[in-house]
Every structure is written in structure tokens, then in C-alpha cells.
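Asks: Take this structure, written in C-alpha cells, and hold onto it; I'll ask about it next.
Derivation of every value follows stated rules applied to the coordinates shown; laboratory data play no part. On a predicted model such as this, the values are computed, not experimentally measured, just so you know. Because the Cβ atoms are built from the backbone with ideal geometry, glycine has one as well, and the counts that use them run over all protein chains shown.
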Amino acid sequence: MALTDDTPVPDYTAMLRLDGRGVVVLGAGQGIGRQAAHAAAALGARVACIDAEGDRARSVAEEVSGTSHEGDVTSADDMARVLGEAEAALGQIDALIDIIGMPRYVPILDCSDDDWNFQLDISLRQAFHAMRAGGRLMAKTGGGAMVFVSSISGVAGAPHHGPYGAAKAGLNSLVRSAASEMARHGIRVNGVAPGLIWTPRISASMQPEAKEVAERSIPLRRVGQPQDIASALLYMISDLSAYVTGQTLIVDGGATAGFPIDMGRGPGKGRGS
């Protein structure tokens, strides 16, 4: 017996568009943040670029015809200030993208209190400040979407990743809790967890030999590019993900999907092959 499906077919292209929406990008000065600003602007958003480096924020803002704002977002007061400035410039904040985070790789036995506090401040505390301040602003205007860049270090362990991984695991948990709390305000909260991404900072610090070794361990056989993460962030703030909240999407070329033990199948026969 044939079934008739008469449900409406939406305009999926329009669901991706961000025309007229105010989008804040925290950490917009380079790499993933810059690409995220361009992605949002390309789909019609009005973009506020926020960075600790004012010159970088201004440069990217000029590229996307947006506004620039400078501040230390590990400070609750500064976060509230720059988001308030962004709201004033945009009219309202409909989406917030937070890509801020920097690993400080250190063995646990050698980890200082400063190392630990730095990691929590830059990877977790500032995200909490953004959720709280951004959520309050969005709740007043009927909701919106927030997305935070996490890391596969928050879902898998690795040597010297202890403080960084703990902070990112905390961020993943915070995303879930915030999603549960803020849904009643019409606010969706999600995360994106990158694997190895070829940002300006990584490309300047990683030797070619190390890059080749890393690529052999990734099923897609390449490191990610900033635009790979910007694309996932764009999905999370668009209406294409209207029924998605409390999730952290892993974007790592399959690095965490394979069997973790090398079964000795020889060159080119590792995980994912």
C-alpha cells in the first residue's frame, strides 16, 4: 500500500541563511575565528568581531564589513562590556560563536598551579562568562544560538593534555547543562570539538615531519583546516540545526572514530584504512 507524504518541504537553502542576524565571534582575530566571521557574513549576518588583540579584530571586521571590539574575556566585567558593545552595534545578538582556547601542554607531574589556572581561565572560565552574559542578552530578545569550540582532548586522553583536556571536558559538560537550562528562553547551546586543525598558531609551531606523522593517523589522511570548523559552527547557528541543542559535534577527520590500538597491519594499514 502506497503512503502519501504531504508534509511541507522547507527551503533548505533559506534555512542556512543568516540575513540580518547579529552574530558575535569571540576570538575573531585569526584562524578559526576569522573563517567563522567570514562564513557568517557570507550568509547575510551582521558580525561583531571580538578579540584580545584589537588590531586583529579591526582587520577582520574590515574584511567582513563588521564591527570590532577588544577585551580580556577571561574577566567577567570585560566580557559583559564587549558583549554589551556588540549588542549596541548589532541591535541584538542572535548568535554567539566562541572559539577562544589555547592549549598549554604539560605533564601532570610538572603542571604548576599557574599552568592549571591558565587553562581553566582561557578554555572554561571565559566560556562560562560568555554563556552567562550572552544568555542574558539573548533571553531579553527571544532567544538565539550559542556554539563553543571544544577539542577532542575533552573526549579522549593524551600525554601532556591533562589540564587542557580537563578544561575542554568541563566545557562539554557546561554546554549540556546550559542547553537544558536555556531552552525555555529559546536559546540553543552546542559545541564543536576539532581535532588537529592547521591554524596559524599550529602551522608556526609544528614541524613538517610531525605533521606527516599526524596525517598518517587520521583516517581522512589530512589535518583539518580552519574552514572545516567554521562550516560546523555555521551549521550550529543556522536554522538547519534548529532541533539540535546540548551536543558537541566532533570534527576531526575520523581521528577518534577508529580502533585505538595499532594491530600491526603495516604501513598505510592503520586506523580507518
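Asks: Take the Cα coordinates of region 154-201, assign each an equal point scatterer, and use the Debye formula without solvent to give log10 I(q)/I(0) at q = 0.23 Å⁻¹.
Replies: -0.86
Asks: Taking only Cα atoms and a 10 Å spring cutoff, compute GNM fluctuations for the chain and point out the largest among P103, P208, P163.
Replies: P208
Asks: For the charge dipole of the chain, defined by +1 on Lys and Arg C-beta atoms and -1 on Asp and Glu C-beta atoms about the Cα centroid, which residue among S231, I250, S203 has the Cα displaced farthest towards the positive pole?
Replies: I250
Asks: Right, something else. Normalised by the empirical 2.2 N^0.38 Å for globular proteins, what value does the Cα Rg of the chain take?
Replies: 1.05
Asks: Rank D98, D77, D51 by mean-square fluctuation in a GNM of the chain with C-alpha springs under 10 angstrom and give only the top-ranked residue.
Replies: Result for the chain, Cα springs under 10 Å: D77 fluctuates most.
Asks: Something else now. Name the helices (complete DSSP H segments) of the chain with a Cα length along the long axis of 27 Å or more and a Kyte-Doolittle mean of at least -0.5, or state none.
Replies: Flagged H segments are 162-182.
Asks: While we're on this one: With +1 on each Lys and Arg Cβ and -1 on each Asp and Glu Cβ, and nothing else charged, work out how big the dipole of region 20-250 is about its Cα centre, in Debye to the nearest 20. Walk me through the numbers on the way to the answer.
Replies: Values: 20 positive and 24 negative charges, 155 e Å.
Rounded to the nearest 20 debye, it is 740 debye.
Asks: Also, quick follow-up: GNM on the chain, C-alpha springs below 10 Å: top fluctuator among A40, A204, A242?
Replies: Maximum among the listed residues: A204.
Asks: Order of M131, M102 from fewest to most other C-beta atoms within 10 Å?
Replies: Working: M131 24, M102 11.
Taking fewest neighbouring Cβ atoms as first place, the list is M102, M131.
Asks: Please order S203, S68, S75 by the number of other Cβ within 10 Å, starting at the fewest.
Replies: So the ranking, lowest neighbour count to highest, is S203, S75, S68.
Asks: Quick one: which residues, 5 or more positions from A193 or on another chain, have an amide H under 5 Å from its amide H? H modelled 1.01 Å from N in the peptide plane, none for Pro or chain starts.
Replies: Close amide H contacts, sequence-distant or interchain: S150, L249, I250, V251.
Asks: When the gyration tensor of region 46-153 is built from Cα positions, what are the square roots of 5 times its three eigenvalues, in whole Å, from largest to smallest?
Replies: Numbers: eigenvalues 146, 51, 28 Å².
After diagonalising the Cα gyration tensor, the semi-axes are 27, 16, 12 Å.
Asks: Return the Rg/Rh ratio of region 205-262 with Cα-based radii and a Kirkwood Rh.
Replies: We get a ratio of 1.08 for region 205-262.
Asks: Where does the chain land at 222 nm, in deg cm²/dmol rounded to the nearest 500, when only DSSP H runs of n ≥ 4 count, each adding -39500 (n - 2.57), divided by all residues?
Replies: -13000 deg cm²/dmol, from helical runs alone.
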